[in-house]
Amino acid sequence: MRSFPIAFSMMLVHSLVFLSFINLATAHPYSFNHFRHLLASRYEPTHTTKYPIPAKAKASSVSAGPVSPCTGVHCANPTLLPSSLPCDAANGTTFVTALPNGTKYTMICDIDFPAQHIYPFILAGSFDECLGQCETYNEKAMAGTSCAGFVFAPDRTNGADDCYLKSSLHDPSSATIHLVGATIMPSTASRALPSTSSSLPTPRSNLRKTYSEVNVGNLKILGSSTNKPTNQYVSHVPATPQKLASSLLVPGLNPDLITKYPIADDTGSWTEGQLPSGVTLSNMKAAPRMSRDGGKGGTINETHIFVFCDTASFSEDQGMVGFVSSSVATDDGMKALYGEPLELVDNLGEWQDDVGRMRGFAPMTTGEESFNIDLSGRGYRYAVWPESSVIPFNASHALLYPALVYDVVDMSNQAAVFNDIGNTILLVSVDPTYGPTAERVVPQLYNQDQVTFGTLGGIRSWGPAGKGGNDGHIYLFGKGDNGVLVARTVPNGFTDLSTYEYWNGDSYTEDMPSSSSNAVMLDMQVQDLDVVYVPAIRSFLMIYLNTLADNTFYYRHLPLDLDADDQDCDVDNIVKAKWSAEKVLAQIEAPIEGYIYAGGMHAGYFGDDDITNGGSKILITWTEHTGQDAASPESGYAHKSAYVELDLS
């Protein structure tokens, strides 16, 4: 069932899109299915090989010069670290960043602290600049976060990732590449280091404190996300879209266009393995401006992604140049750590040409694409809308179950009808060069007559292999008439509908429920939903928007004496245990127009301090209408975020 806030939000973009497509189709007949995002480099947004923190690294403002080593804590006359000094000779020496009150560091050589990065990495260029990033982070970071040290890879060149800030210094191990770094000496650090934590939840019996309540301790509205400009794309010979028989290209729902045609080669983001021969990187004529709807996401292999539904791109001299039903962006600069609005970057694999036409994040079939091209401007199209947060799959991939929609717009008055026609599955990963990419592993999973489990989202349970493994279960949520229904499947069979089981109120069975089933996890309808495991309370938390358009995020939790893990048997508690009464997580000011929608939490954003990693912090995001035309500089939509910290007592 399409929630009415989402349906309302799409109507505004269609007013622009379908009125514009008559001329747009003449200029570029396959503009329907193209787009993605760029990578930024150390100095400005240009092509790199990873996901950097794009702002240029700089030395700390408290450091008057290069790093200075000394032989003890009370160095009075430090000398510069010779560039020729062997790493082994520097190992264990100490230095301060400035006298007399500088932070004191201990040098380390070829030592790493795995899985404790603050960011995936930073492009620094030198040991001094990497040190400067650590110092700057500690100047700006909010209470409870700090850079405990860093490692720098001096042998990496040409803009490769070379600087890694560390949030903690647990489990040091021999590095697999040459690293030189430094750790803050606890006795002189300006910030206390994070307390020791474990990758596994601490048994409740060993905790110093148990909790009887979960309340909201702090809320900070961060504001509207901004998009970084793009200046490069993959230059290639354009593909020729497949042209179907005219008898197939007529208004009306035809499921065969979804299920009986292959994926179109000119849709979906580029990946290294997908690139045709003879491609080059070229400069865009101008940085396109984005107007897009939705924007939920999550963390994949330490990269923070945000996935959008309908997305239009504009150029200054041509107006709207492209429109796709999905796009993706990645976080740039971790601005929320500093209490600032998100900055999102569109990566290299998204772009189809030099004016900002897009490939689209979710690949389309040749049947869907051919229909959309032929009927562009007439008010008919097929769309793939990712509407949930990503669901972890393993250490390197995540899942989305986007809605499949047949969209009909009355061109005389722009009234839109959105026909749900089931859903599909995207297997999402992050290409190290071209950015997030999605493989559409089945053309259609559930059809229009079934509950589309997964489109509302889900939660992963891990098996004996542990977190990031390929066992356990994938739990999926579906919208029913009486609330939220639950299904589950196994990682080695998630593309096969016969492997799916459904909660019937007592157990999981193979019998697929109808939308009228009363076997619900939550006995109310919701617009958006996230359910996560919270290690700090060893229980589960749900966050949602209801369907009343009241601009409010709500939360509930399972019993605080549950003593649960995120393992198979414990995740079953989401349907077996009793959820708490509803509480307000965040009341958002009413937008200029309409109400907030596409609301969700971004799991893992705050690293060790995140609610999903043992901390208490949550990043929530939503979309609202600005009251401006989508073609205006203000866009028609604002993707916004807020920071919430729970008070556990």
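The values are calculated or read from the model by the stated rules, or taken from the named source; none is laboratory data. The model shown is predicted, which means the values in this text are computed figures rather than measured ones. Positions of Cβ are backbone-derived with ideal geometry, glycine not excepted, and every protein chain shown enters the neighbour counts.
Within the stretch 237-259, the residues that satisfy the criterion of being under 26 Å from residue 270 (Cβ atoms) and either touching an Asp or Glu at 6+ places or on another chain (Cβ under 6 Å) or free of Cβ contacts under 8 Å to residues at least 12 places away in the same chain (or both) are 239, 240, 241, 257. Within the stretch 585-611, being within 15 Å of residue 545 (Cα to Cα) and acidic (Asp, Glu) holds for one residue alone: 589. Please work out if residue 151 is surrounded by 18 or more Cβ atoms within 10 Å (Cβ to Cβ), modelled with pLDDT under 90, outside any loop (DSSP other than H, G, I, E, B) and β-branched (Val, Ile, Thr). So residue 151 fails the test. With the structure loaded, tell me whether residue 328 is among the aliphatic types (A, V, I, L, M) and surrounded by 24 or more Cβ atoms within 10 Å (Cβ to Cβ) or whether it fails that test. Criteria met by residue 328. Quickly run through the stretch 453-483 and pick out the residues that are assigned to a strand (DSSP E or B) and over 16 Å from residue 427 (Cα atoms). Listed by number, the residues that qualify are 461, 462, 477, 478, 479, 480, 483. Residue-level check: of (1) outside the structural domain of residue 624 (by TED's automatic domain parsing); (2) within 23 Å of residue 617 (Cα to Cα); (3) in contact with a helix residue (DSSP H, G or I) (Cβ under 9 Å, 6 or more places away or on another chain); (4) modelled with pLDDT of 75 or more, residue 190 misses just (4).
Looking only at residues of the stretch 375-404 that are over 30 Å from residue 115 (Cα atoms) and part of a strand (DSSP E or B), we find that the one that is nearest to the chain's Cα centre (by Cα) is 385. Residues that are at pLDDT below 95 and either closer than 29 Å to residue 398 by Cα or in a strand (DSSP E or B) (or both) within the stretch 581-594 comprise 593, 594, listed in sequence order. Those strands (runs of 3 or more DSSP E) of the stretch 313-360 in which at least 3 residues are closer than 15 Å to residue 430 by Cβ, considering only elements entirely within it, cover 327-331. Condition check: more than 20 Å from residue 356 (Cβ to Cβ), surrounded by fewer than 18 Cβ atoms within 10 Å (Cβ to Cβ) and within 27 Å of the chain's Cα centre (by Cα). Does residue 252 satisfy that? Judged against the criteria, residue 252 is not a match. Using the structure shown, decide if residue 377 is at pLDDT below 95 and farther than 18 Å from residue 228 by Cβ. So residue 377 passes the test. Being in contact with a Pro (Cβ under 8 Å, 6 or more places away or on another chain) and either in the same structural domain as residue 598 (by TED's automatic domain parsing) or within 24 Å of residue 622 (Cβ to Cβ) (or both) is a property that does not hold for residue 414.
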